[in-house]
Structure formats: C-alpha cells, structure tokens
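What follows is calculated from the coordinates using simple rules that are stated; it is not laboratory data. Keep in mind the model is a prediction, meaning the values are calculated, not measured. Glycine gets a Cβ as well: all are built from the backbone with ideal geometry, and neighbour counts include every protein chain shown.
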Amino acid sequence: MAKLYTRPQGTEDITPARIHKWHVVEGVVRDAAERFGFSEIRIPTFEKTELFQRSVGDTTDVVQKEMYTVTARESTFTLRPEGTAGTIRAMLQNGMLAEALPQKVFYILSCFRHERPQAGRLREFHQFGVEMAGSASPYADAEVIMLGKTVLDTLGVKDIVLNLNSIGCPSCRAKYQEALKAYFAPHREALCDTCQERLERNPMRLLDCKSPEDQKIAKDAPVILDYLCEECRDHFEAVKTAVTEMGVEYVINPKIVRGLDYYTKTVFEFITTSIGAQGTVCAGGRYDGLIEQLGEQKVPALGFGMGLERLILTMEAQGIEFPEAPRCDVYLAPMCDEAKPAAMKLAYALRNLGAHAEFDLVGRSFKAQMKYANKLGTKYLLVLGTDELAQQNGKLKNMDSGEEKPIRFDTPEHFIEDYTEISLSELV
Ligand code: ATP
Ligand code: MG
C-alpha cells in the first residue's frame with residue numbers, strides 16, 4: 001500500500017527549496033500585467049458544472065474527460081479546469097461589463113484536469129491568465145499577445161515561437177466544418193473513438209486530438225484560413241500587421257484550433273522545443289461569443305493562459321538563473337542557556353528594524369551552529385557566550401569579508417543605533 005504521505009498522482013509540492021522560482025515568475029507576471037493596465041481578480045476554485053459545460057464546450061476533452069466534479073450533499077460543482085469561464089462569470093455577476101470598457105483582469109490560479117500525468121502535464125497545475133472584455137479591435141489582440149511576449153522576454157525565455165491562426169466566426173466555421181466532415185469521413189474507422197463522435201458533433205476538435213494516428217490523418221485536412229469570411233480575414237490581417245509593427249516574429253499555424261470551444265477569430269500559442277512534447281507555454285485567443293452565451297450582452301473578449309509549470313520547466317531547461325532571496329541577515333548563536341533570552345530579544349529587535357534574524361532553537365553545539373549559520377547563508381553572525389553576556393557587547397561578524405564590528409546590546413536602543421550605523425542599508 002502506498003504510504004499515507006504520498007501525494008495524488010499528477011500533483012506537485014512546491015517546497016521552500018523551489019519557491020523562489022515561483023516568486024520570481026509571479027513577480028514578473030504581476031508587474032507586466034499591471035504595466036499593461038490589467039488588475040488582479042480572484043475567483044472561486046470551484047464553479048457550477050454547467051458553467052464549464054456551457055462555456056468550455058461539451059465536445060472538448062476538458063469537459064468530456066478531464067473535469068473533477070464533486071458532489072456535496074445535493075449540489076454538484078467542478079474544480080476549475082481553466083480560468084476564463086470563472087473570470088467572465090465574475091465579471092458578469094459583479095457588473096463589471098456595465099462599467100467603462102475594456103475591462104482588463106489577470107489572475108494566477110491553480111487548475112484541475114484529469115489528464116495522463118507526464119512532464120509538463122499535471123492534474124493540478126497553475127496558470128497566469130489575462131482576460132480583456134469589451135474591445136473588438138485587432139490592437140487588443142496584439143496587446144494581449146505583447147503582454148505574453150513581455151513576460152517571456154523579461155524572464156529571458158529563448159527559442160519560443162509565436163504561432164498564430166484564425167478560426168473565424170460561427171458563419172465561416174459552418175462551411176469549414178462541412179469541408180472537414182467530408183475530408184475525415186473516409187477515414188472514420190481509423191479515428192479514435194472520441195474523434196468518431198467529434199466527426200458528427202464538432203469536426204474541428206479532430207485537429208486538436210493528441211493521438212498520433214489521428215494527427216497523421218489530419219495532416220492534409222482543409223485549412224480554416226481558406227474559409228474565413230471577409231470580416232474575419234480583415235481582422236486577422238490587421239492583427240498580423242500590428243504584431244509585425246511591434247517587431248515580433250510569428251509563424252502561421254493552421255493546426256491551432258485551441259482545446260476549448262469558445263474561441264473565435266485570433267488564436268495563438270507560444271511554443272518552445274526546450275521541454276519536449278508539452279511545449280505550449282502560453283495559449284489564448286479571442287472569444288467574442290462567450291459572454292453572450294453566458295449572459296445577455298454581446299461583448300467581444302479575449303485572453304490567454306500561461307502554464308507556470310511549463311514556463312519554469314522551460315527556464316530550467318534553458319539554464320536561466322533564478323535569483324535566490326537572501327535567507328538570513330543575522331544569525332545569533334547562543335553558546336549557553338543563559339544567552340538564549342538575550343539572543344531572542346536581540347533577534348526580535350533586529351526584526352523590528354526590518355532585518356531577517358534567527359537564533360538557535362534546537363540547542364546545537366558551537367560547531368554545529370557555525371555549520372547551520374553557513375547553510376542559512378547568513379550575512380552576519382553574532383556569537384553570544386558568557387563573556388558577551390557579562391560585558392553586554394559582542395562582535396558582529398560579516399560572513400563574506402570576515403570583518404568584525406563591535407556592538408553593544410545592553411539596551412536595545414544602543415544596539416539598534418550601532419547596528420543601524422554599520423549595516424542597516426546592507427541588511428534590508
Ligand atoms: P494542451 O494542448 O497542452 O493540452 P490545452 O489546449 O489543453 O493544452 P489551455 O486550456 O489552453 O491548454 O491552457 C493554457 C495553458 O495552460 C497551456 O498552454 C499550458 O501551458 C497550460 N496547461 C494546460 N493543461 C495543462 C496541464 N495538464 N498541466 C500543465 N500545464 C497545463
Ligand atoms: Mg489539454
């Protein structure tokens with residue numbers, strides 16, 4: 001039997017040893033989103049199941065196979081498999097779409113999908129996502145793409161290619177779906193079970209199938225770009241022009257249809273080859289029909305989701321350094337029981353000054369304390385023995401330079417003044 005402390009398959013612990021990577025990434029995405037004028041939104045972890053069925057779409061993998069649906073008493077809910085549906089639901093419910101448009105929000109949240117776990121594919125994963133509601137302008141598409149690009153550039157991610165496509169609107173798609181049906185019909189028997197069903201209900205989904213067999217069959221399928229109506233074609237041209245204007249290179253990838261039903265017109269992915277098969281780090285597009293589908297108003301909207309695990313995997317694979325936060329400013333090493341209260345008081349005074357201070361809590365020997373202080377990477381070390389206690393002063397040792405500064409700690413005031421004089425600016 002598996003140990004009680006085995007985490008569920010497809011989940012990860014982000015331990016203190018790795019958390020600095022997340023802090024770096026989260027800091028960069030927040031900062032970039034805010035500079036683009038997006039405000040943070042926080043939404044519930046679970047929503048009514050119908051919300052995802054209606055918005056993500058009931059012919060998608062996510063809804064058909066991947067949702068975690070829980071029943072509590074008489075009610076049924078689903079853990080969010082993505083952030084868009086809940087965010088748009090929140091915008092509607094909080095009247096945000098009645099305010100000045102566009103509304104621009106971002107979020108950092110966990111998503112849940114019952115998938116086959118592998119590198120870059122988890123059952124609980126994290127997304128940085130943005131949604132903009134209320135602009136039909138191709139500049140809005142470019143703006144959202146540029147925000148994704150800004151995050152990737154700021155973090156130093158290389159070898160990541162912007163893939164662009166347009167999947168048109170329901171009117172251009174109707175003709176395209178017919179063409180797809182005609183193309184796939186002779187191959188019907190060779191398709192996976194899910195795709196056989198999709199062939200009837202939503203043939204575009206076939207292009208998104210992960211089965212290598214089906215992908216082979218789909219290789220020469222008709223291309224949506226040949227079926228766009230004039231409005232969708234003009235919009236796509238304008239998006240490409242705007243992106244080019246910003247000096248961003250892209251490839252046109254007609255195979256991108258996105259896994260969720262609500263997309264219209266522009267769809268895009270930032271794809272890297274650095275992390276193997278799950279190389280889509282950021283994916284998004286326009287979903288002009290979704291809000292109308294959920295509420296009453298027709299409000300054009302768009303956004304993206306960026307998988308943070310995949311982003312960090314990419315950075316690691318590319319050898320990008322994550323600056324680590326300093327672990328400890330001052331480590332106080334009491335050498336005897338009588339020195340412990342003094343150590344505790346001084347640590348407290350230092351913390352009030354804004355420094356990160358720690359002292360021994362497990363009764364280590366002198367040698368073991370020195371080893372531990374080194375492990376903490378402390379900048380300063382203060383040994384508190386009987387002499388120091390008797391004289392009420394000691395030596396603050398700079399661990400990098402070895403330089404020692406005498407300090408008095410008979411009163412916290414003096415201690416703080418002395419300390420401030422020698423090193424507060426270095427400490428915080
Ligand atoms: P994929 O085609 O890889 O299954 P998707 O189309 O299902 O992706 P989206 O719903 O667009 O993905 O989610 C946006 C981003 O979230 C993806 O580009 C990816 O970076 C990340 N993501 C999606 N599913 C997972 C997962 N199971 N584990 C880790 N990250 C994921
Ligand atoms: Mg998927």
*What order do you get for Y380, Y250 when you list them from fewest to most C-beta neighbours inside 10 Å?*
Y250, Y380
*For the chain, modelled as a GNM with alpha-carbon contacts under 10 angstrom, which of D288, D214, D13 fluctuates the most?*
D13
*Mind telling me which of T59, T15, T150 comes out most flexible in a GNM of the chain, alpha-carbon contacts under 10 Å?*
T15
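Once you've got the Cα coordinates, tell me which of K345/K405; K149/K175; K149/K379 are over 31 Å apart.
Result: K149/K175; K149/K379 exceed 31 Å.
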*With springs only between Cα atoms under 10 Å apart, run a GNM on the chain and tell me which of F106, F268, F409 wobbles the most.*
F409
*State which entries of K216/K255; K210/K240; K65/K219; K48/K265; K48/K104 exceed 22 angstrom in Cα-Cα distance in the structure shown.*
K210/K240; K65/K219; K48/K265; K48/K104
*Sticking with the crude label model, points 7 Å out along Cα→Cβ, report the distance from A136 to E74 in nm, one decimal please.*
4.4 nm
*What is the ratio of the Cα radius of gyration of the stretch 1-58 to 2.2 N^0.38 Å, where N is its residue count, to two decimals?*
1.69
*q = 0.09, 0.11, 0.14 Å⁻¹, the chain: log10 I(q)/I(0) [Debye, one scatterer per Cα]*: -0.69, -0.88, -1.22
_If amide hydrogens are placed 1.01 Å from N in the peptide plane, which non-local residues have theirs closer than 5 Å to the one on I252?_
L164
*asked:* Only counting other Cβ atoms within 10 Å, I'd like K240, K379, K371 sorted with the fewest neighbours first.
replied: K371, K240, K379
*Within 10 Å of each residue's Cβ, count the other Cβ atoms and sort T244, T378 from fewest upward.*
T244, T378
*Could you check the simple spin-label distance between M370 and E403, using points 7 Å along Cα→Cβ, in nm with one decimal?*
2.2 nm
*About its Cα centre, what dipole magnitude does the stretch 173-292 give when the only charges are +1 on Lys and Arg Cβ and -1 on Asp and Glu Cβ, stated in debye to the nearest 20?*
220 debye
*Run through the DSSP bridge list for the chain and note the antiparallel percent, rounded to the nearest 5.*
80 percent
_On a straight-distance basis, which aspartates and glutamates could pair with K298 in a cross-link, Cα separation under 15 angstrom, same-chain partners fewer than 8 positions away excluded?_
E99, D288
_Can you compute 3J(HN,Hα) from phi for each residue in the stretch 102-119, using the Karplus curve 6.51 cos²θ - 1.76 cosθ + 1.60 with θ = phi - 60°, rounded to whole Hz and x for Gly and Pro?_
x, 8, 10, 10, 9, 8, 10, 8, 8, 10, 10, 9, 7, 10, 7, x, 7, 3
*When DSSP beta bridges are limited to those with both residues in the stretch 14-136, what percentage is antiparallel, rounded to the nearest 5?*
90 percent
*Nearest-20 debye value, the chain charge dipole, Cβ charges on Lys, Arg, Asp, Glu*: 1040 debye
